[in-house]
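Notes for the one structure printed next.
The values are calculated or read from the model by the stated rules, or taken from the named source; none is laboratory data. Note that the structure is predicted; figures quoted are calculated from it, not measured. Note that each Cβ is placed from the backbone with ideal geometry, even for glycine, and that neighbours are counted across all protein chains shown.
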Amino acid sequence: MKRQLLAVNLLIALALILTACAPVDTATDAPAMQEPPTERQYGGTLNFWQPSWDGSKDWFHHIKRDEVTTWMWEELFWTTTGGFIPVLATGYDVSDDGLVYTVHLRQGVKFHDGEEFTAEDVKYSFELKYDPGILPPEALKAEAERVEGLFAYKQGEEGADEITGIRIVDDYTVEFVLTDRDPSFFPGFLGYVEHPMMPKHVLETLDRDELVAGTSDYWVTGPIGTGPYQFVEHVPGQYVEYARFDDYWGGKPGPERVFVKFAPVETAIIMLQKGELDIVWEAPAEEAVRLMDDPNIDVLVADNVMGFWIQTPNWHAGDGLWQNPKAKQAMLHAADRQGYVDNVMHGFGVVRHSWFHGTRFECPTLQEYDYDLDKAKALLDEIGMTADKRSEYQLELTVYPGNKMRVDYAVMLHEAYTQLGFKTNVDLIDAASWADYRNGRGPRGTEFDFAIANWGPGTNPYVLEPYMVGTVDLGYWPLDVERDFHWHEYSPNAEKAAELWGNIFAETDIEAQTPYFQELDCILNEEVFIPHLIGESWIALKSKRLQGIDLDLNVSVYIVPMMVDMANWWLWDPEADSQ
Amino acid sequence: MSNDLQGEQQFFVDTPARRAMRRFTRHRLAMLGLGVILILVLLSVFAPAIAPHSPTKQELSLYRKPPTQTHWLGTDTFGRDVFTRLIYAGRVSLSVGLVAVGIYETIAILLGAIAGYYGSKVDWIIMRAVDVVMTIPTMIVIIFLVSILGPSMYNSMLAIGIMGWPEPTRLVRGQILSLREMDYVTAARSLGLPAYRIILRHVLPGVVAPLVVHATFGVAGAILLEAGLSFLGLGVPPPTPSWGNMMSSAQTLNILERVPWLWVPPGVAIMLSVLSINFIGDGLRDALDPRGMETG
């Protein structure tokens, strides 16, 4: 009996190992496709992937364009770094004093019900978005204070029943009047992805309270927009279905139907291999490596200059050790970031040496911080952080779990700092507990050194201004401890930086701003304002049948970058598609 | 002559402990399990002496090398030696199992003894507490606790230890309920011995056998729980290896298909340790079963 039991157990174990080692049956039976035709084909069903989607939140309360809604809702512009791609607006002018932005709308644009899109819809859409009932008054304060009368409208102040700073000049011209000169107005507001255009003629007939509360049937049964696809159905947790809008201003789109399907990424990749999805975006590098050999799948890769893995310092740890640029330079020299890009990112990433590295604003005399352990030690010795002091110093890193690549970044840095002689520890802190942790209620109190996060300029190069010249802290520090760090109070370059930001804000033309940004980037580079930048490439996996994709990572990071031209996508051999 | 007889009688005295030991050593699966677990324990304890490399030292140029003579089980993404990490990981996984079980068996002995011996309202309160805790999904509470306390080896031990006590408490209480009615306990009580002494000296020894069996299976369960927590990133933080966090690298098909040496060794280690401990538990259960003593 015992022998039989042993035999059965061992057999089960062996079977499990063999099953695990066996290749996973994810490949389609179909032979590899040949070269696609050059002409766009019409028809078929495009299956697009989305990890998850809280429709009840995103449809109604944010009224924003995302990977799910962008098929039917459009904005005035797509923002790029220092520029734009015209969508429902063809362009804009700025007055000499920089206070009035005049937006010229595209003519001949129709909503899905056939009505024409005009300036009335623009003003209505902004007033709906900033309705006092949609988000708490303080939620969009920074945005709302830019436009004359917008904040009062958002606050629901008496008499403020419209946004006075948005003026309709004629059917195809709208003016935005600013409260102050602000070159970040375009990337941060006018071209921001959270302002899709809504049909005034439909929405003004509905109950306003229900509309802003998200309880109106309209949001569930038939929201309309001007996009290439019109809404058909939303089955929560499963998919959103769209049908082609033949009168789309950009010309008739290719696929007849679009399904946005919700699934975890691991499942989605298998669905892609089985032909149940046509594209999976932000795919893990590990899977891209595997699928490069798959004849039916294309791996699309674009360098990312808009967002990075970063290591944000606690300015107060170690008696202000990380306020010293040389300490941070040493941190950079100690870490084999290129090794991390090669091993963990499988080459799908780029080591960055400054905030604007890789963009038009990059410092012309960029100093590179390559892996050099001896140099790192020498720099620390130079500032008095000698080997014996390092061996006494407990260096604490913290990182959110849940993303293997991010945790592996901590593993790489742990080794780097151990090699420098620090006693190093990694704390995995759940996002929900992070606020408590940074407030000193974690196991390290207030004495943790760095947090690994993801940040970047996106399409808005002005985001660092309040951190460099204002009183906004950058970095992690205990909020309830009476200590404060303002970069400009400590940096020898503070005056120069303030002057550069002043020059930048005095110009509205990005070309004129560029030399000032470049000078600013040299300061950021020298001071290692944000340590440890690694740009993670953007990877998408797509089926061979999906054609017409132009991947451009200089377009907004808040939405799948290639979706800027999704109206041009088409399916090769649409008759053979499967849903 | 009489001395010789005495000697012979002493030689053939067959105590219950000896009978149990004899039965246990005859249990082949248990002995096999004991052998395997001993090897794993020895490897873990003497890891610094046995391991050919450092468990955390990175050699990025040795990226995912398959098994070779230098690296018996290959290297991982950071060029670390998998065999070295495997035996160091055993220290974490096995000690989490042992300590967690130690925590909850201690709680169980304490509460079970009080409930069983005193009965009445105390018993009712403790048993209702047991009922309540048993209705809560263990893994979810452990994840919750670890999220609050922060992932670490000690917090894993604590979280698993805190959630495991209801079942052995019931076991201890049940045993003591019957033992307290035995004549020798009544005699001790009538002699005026204090309750704590009766419990410690006369009642608890009767609970040891079933508790040891339960604890053995508990260690296996705790090892699996720790592996699950580490796999989810809530166990032992990097770069300290545990079998669970070593397996967490196998979350993509690329590694599952192409780099089996990253996840098969820790998987096999978990499987072998759990299987072995369960075999030992089976052996102990058979050896300590009073119904089998006469035929032993």
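Tell me, please, whether a residue that is in a helix (DSSP H, G or I), without any contact (Cβ under 8 Å) to a residue 60 or more places away in the chain and either away from chain B (no Cβ under 14 Å) or crowded, with 20+ Cβ neighbours inside 10 Å (or both) can be found in region A:321-329.
Looking through region A:321-329, at least one residue is in a helix (DSSP H, G or I), without any contact (Cβ under 8 Å) to a residue 60 or more places away in the chain and either away from chain B (no Cβ under 14 Å) or crowded, with 20+ Cβ neighbours inside 10 Å (or both).
Only one of B:Val212, B:Val236 is out of contact with any His (no Cβ under 9 Å at 6 or more places or on another chain), buried (at least 21 other Cβ atoms within 10 Å of the Cβ) and touching a residue at least 40 places away in the same chain (Cβ under 8 Å). Can you tell me which?
Of the residues listed, the single one that is out of contact with any His (no Cβ under 9 Å at 6 or more places or on another chain), buried (at least 21 other Cβ atoms within 10 Å of the Cβ) and touching a residue at least 40 places away in the same chain (Cβ under 8 Å) is B:Val236.
So which residues in region A:487-511 are farther than 18 Å from A:Ile530 by Cα and not in a helix (DSSP H, G or I), if there are any at all?
Within region A:487-511, A:Glu507, A:Thr508, A:Asp509 qualify.
Among what's in region A:272-283 and is under 25 Å from the mean Cα position of the chain (by Cα) and either without any contact (Cβ under 8 Å) to a residue 24 or more places away in the chain or away from chain B (no Cβ under 12 Å) (or both), pick the residue that is nearest to B:Ser249 (Cα to Cα).
Let us first name the residues in region A:272-283 that are under 25 Å from the mean Cα position of the chain (by Cα), namely A:272, A:277-283.
Next, from what is left, pick out any that are either without any contact (Cβ under 8 Å) to a residue 24 or more places away in the chain or away from chain B (no Cβ under 12 Å) (or both): A:277-282.
Values: A:Leu277: 26, A:Asp278: 27, A:Ile279: 25, A:Val280: 21, A:Trp281: 21, A:Glu282: 19 Å.
Of everything passing the filter in region A:272-283, A:Glu282 is nearest to B:Ser249 (Cα to Cα).
How many residues are more than 16 Å from the chain's Cα centre (by Cα) and within 17 Å of B:Leu158 (Cβ to Cβ) if we restrict to region B:86-145?
Going through region B:86-145 one residue at a time, the tally reaches 11.
Residues being in a strand (DSSP E or B) and at pLDDT 90 or above: count how many of those fall in region A:78-94.
Number of matching residues: 7.
If you go through region A:330-365, how many residues are away from chain B (no Cβ under 14 Å) and either under 27 Å from A:Ala378 (Cα atoms) or touching a Phe, Trp or Tyr at 6+ places or on another chain (Cβ under 7 Å) (or both)?
16
Looking only at residues in region B:29-65 that are among the polar types (S, T, N, Q) and closer than 23 Å to B:Val96 by Cβ, which one is nearest to the other protein chains (Cβ to nearest Cβ)?
B:Thr56
Determine if region B:181-188 includes at least one residue that is of a type in the set (A, V, I, L, M) and under 19 Å from the mean Cα position of the chain (by Cα).
No.
Which one of these is crowded, with 21+ Cβ neighbours inside 10 Å and under 22 Å from A:Thr205 (Cβ atoms): A:Val174, A:Val103, A:Val122? Let's see the steps before the verdict.
Values: A:Val174 fails: under 22 Å from A:Thr205 (Cβ atoms); A:Val103 fails: under 22 Å from A:Thr205 (Cβ atoms).
Being crowded, with 21+ Cβ neighbours inside 10 Å and under 22 Å from A:Thr205 (Cβ atoms) holds for just one of A:Val174, A:Val103, A:Val122, which is A:Val122.
Return the pair list, or none, for Cβ contacts closer than 6 Å from residues in region B:243-272 that are at the interface with another protein chain (Cβ under 10 Å from one of its Cβ atoms) and under 18 Å from B:Thr68 (Cβ atoms) to residues that are assigned to a loop (DSSP other than H, G, I, E, B) and among the basic types (Lys, Arg), at least 6 apart or on different chains.
Note: pairs meeting the criteria are B:Val259/B:Arg64.
Can you tell me how many residues within region A:496-518 are buried (at least 21 other Cβ atoms within 10 Å of the Cβ) and within 16 Å of A:Gly358 (Cα to Cα)?
Final tally of qualifying residues: 1.
Give just the number: which of (1) in contact (Cβ under 8 Å) with a residue 24 or more places away in the chain; (2) part of a helix (DSSP H, G or I); (3) farther than 21 Å from A:Trp487 by Cα does A:Asp342 not satisfy?
(1) is the only condition that A:Asp342 fails.
Mind checking whether some residue in region B:219-227 is touching a residue at least 24 places away in the same chain (Cβ under 8 Å) and within 14 Å of chain A (Cβ to nearest Cβ)?
Scanning region B:219-227, I find at least one residue that is touching a residue at least 24 places away in the same chain (Cβ under 8 Å) and within 14 Å of chain A (Cβ to nearest Cβ), so the answer is yes.
Pairs needed: first member in region A:355-384, β-branched (Val, Ile, Thr); second member anywhere, surrounded by 14 or more Cβ atoms within 10 Å (Cβ to Cβ); C-beta distance under 7 Å; at least 6 residues apart or different chains.
The qualifying pairs are A:Thr359/A:Thr81; A:Thr359/A:Val305; A:Thr365/A:Cys522; A:Ile383/A:Asn324; A:Ile383/A:Lys326; A:Ile383/A:Ala327.
What's the total number of residues in region A:232-288 that are part of a loop (DSSP other than H, G, I, E, B) and either modelled with pLDDT of 95 or more or within 25 Å of A:Asp573 (Cβ to Cβ) (or both)?
19
I'd like to verify a number: residues in region A:409-454 that are more than 7 Å from chain B (Cβ to nearest Cβ), among the hydrophobic types (A, V, I, L, M, F, W, C) and assigned to a loop (DSSP other than H, G, I, E, B), how many?
Within region A:409-454, residues that are more than 7 Å from chain B (Cβ to nearest Cβ), among the hydrophobic types (A, V, I, L, M, F, W, C) and assigned to a loop (DSSP other than H, G, I, E, B) number 2.
For region A:371-404, what are the residues that are surrounded by fewer than 14 Cβ atoms within 10 Å (Cβ to Cβ), part of a loop (DSSP other than H, G, I, E, B) and away from chain B (no Cβ under 14 Å)?
A:Gly384, A:Thr386
May I ask you to say which residue of B:Met157, B:Met139, B:Met153, B:Met163 is within 14 Å of another protein chain (Cβ to nearest Cβ) and closer than 30 Å to A:Thr398 by Cα?
Just a single option satisfies the conditions, and that option is B:Met153.
If the requirement is being surrounded by 21 or more Cβ atoms within 10 Å (Cβ to Cβ), among the basic types (Lys, Arg) and closer than 26 Å to B:Gly221 by Cα, which of these qualifies: B:Arg128, B:Arg80, B:Arg91, B:Arg85? Even if it seems obvious, please write down each step before you answer.
Details: B:Arg128 fails: surrounded by 21 or more Cβ atoms within 10 Å (Cβ to Cβ); B:Arg80 fails: closer than 26 Å to B:Gly221 by Cα; B:Arg91 fails: surrounded by 21 or more Cβ atoms within 10 Å (Cβ to Cβ).
Answer to the check: B:Arg85.
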